[in-house]
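Note sheet for the following structure.
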Amino acid sequence: MSRQKTKYIGNKRYFYEELDSTNTTAKVLGKQNEEEGTLVIADKQLSGKGRNGRNWQSPAGVGIWMSILLRPKLSLQQVPQLTLVAGLAMCQTIKSQTGLQASIKWPNDIVVKGKKVCGILCEVQTQAEEVSFTVVGIGVNVNTTQFPEELPFASSLYKEAGRTFDRQQLIDTFCQVFEEYYEVFKVEKNLAFMKKEYEANCITLNNKVKIIDNQQSYEAYAQGITCEGALIVNKIDGKSMTLVAGEVSVRGVYGYCD
Ligand code: BT5
């Protein structure tokens, strides 16, 4: 089956049996002036990366481990919004392709029945304080049958749906959906156009969350997101504040420590 064309997302693909990290390889390609939309896919990652130096388990044959090279004209502060754009596109892709009730745990996880099936890691390359390119790395546990003990809150599309899925098909659909959102975002440079849709798919909202900010931690109610992708919370004392992705860690949806 030939895949439906996108304008540029995923039209050029590099496929590897094994890589340390698709994000690392995509950054090398970015420095070599590879074009926007180029996709790096690995069947297995030897040192898949999570946020803040954490690890992402990426065994062979069962997942989507991929990175997209993007060249948006954004300020450094605007880049984290790309995580939300990719998150919504992947959430919609999983829902339409599997029928599962997937939701987004702000800012970068996709969960199904309270378990994490996908994580997103957005990295940026700067030159003289300007964004020269960004890499959006996405990991999806597709056909994973079991997880190690240390990942009690991980799951796969297979485990939740009881059937396997074609990884290629998921990647192709994601590229189409992501491109639609990205095209708008690139011009508008904020998330107003998808805020309602994001909020409708975000499981973090209308829930109590525990916020870990440096050494401090406190509880609050998550209310919504701003047009810039920050999380709006109401603290117990009634004060409202906004949290920027990357600066805080929000717990609550799985009740796990991360
Ligand atoms: C993330 O970090 O969720 C971002 C993951 C991004 C992975 C993709 S794969 C393609 C691209 N290339 C890379 O090298 N990375 C990207 P974070 O929110 O920090 O979550 C990491 C935590 O999730 C770990 O500390 C574990 O607790 C847990 N974890 C590790 N592997 C997992 C997996 N396969 N499924 C679910 N949870 C996992």
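The values are calculated or read from the model by the stated rules, or taken from the named source; none is laboratory data. Note that the structure is a prediction, hence the values are computed from the model and not measured. Quick reminder, even Gly has a Cβ in these numbers, built from the backbone with ideal geometry, and neighbours come from all protein chains shown. To get the accessible areas, we keep the full protein, side chains included, count just its heavy atoms, and leave off ligands, DNA and RNA. Shrake-Rupley method; radii C 1.70, N 1.55, O 1.52, S 1.80 Å.
Look at the dipole of the chain built from charges on Cβ: of 112, 217, 168, the Cα furthest out on the positive end belongs to 112. Residues whose amide H falls under 5 Å from that of residue 43, counting only those 5 or more places apart or on a different chain, are 16, 17, 18, with hydrogens built in the peptide plane. Mean silhouette area of the range 99-165, derived from the convex hull of its C-alpha atoms and averaged over all directions, reads 5.9 nm².
Among all the lysines, which ones have a C-alpha under 16 Å from residue 7's C-alpha, if same-chain residues fewer than 8 places away are not counted? Candidates past the 8-residue exclusion: 186.
Over all alpha-carbon pairs of the range 122-242, lay out the pair-distance distribution in 5 Å bins, whole %, shortest bin first. Whole-percent P(r) values from 0 Å outward: 2, 8, 11, 14, 16, 18, 17, 10, 3, 0. Pairwise Cα distances in the range 1-113 exceed 25 Å for 24 percent of all pairs.
Taking the protein heavy atoms of the chain in the context of the full set of protein chains, the accessible area attributed to carbon and sulfur is 47 percent at 1.4 Å.
Debye-formula intensities of the chain, expressed as log10 I(q)/I(0) at q = 0.14 Å⁻¹, are -0.94 (one equal scatterer per alpha-carbon, no solvent). Residues 115, 31 ordered from highest to lowest accessible area at a 1.4 Å probe: 31, 115. Considering all C-alpha pairs of the range 163-210, those separated by over 15 Å amount to 63%. For residue 127 and residue 166, the difference between the fully extended length at 0.36 nm per residue and the C-alpha to C-alpha distance is 10.2 nm.
Compactness of the range 60-141 is given as radius of gyration and Dmax, 13.8, 45 Å, from Cα positions.
Calculated accessible area for the chain comes out at 48 Å² per residue, all protein chains present (probe 1.4 Å; ligands, DNA, RNA ignored).
The distance between label points at residue 215 and residue 17 comes to 5.1 nm (points 7 Å beyond Cα on the Cα→Cβ vector).
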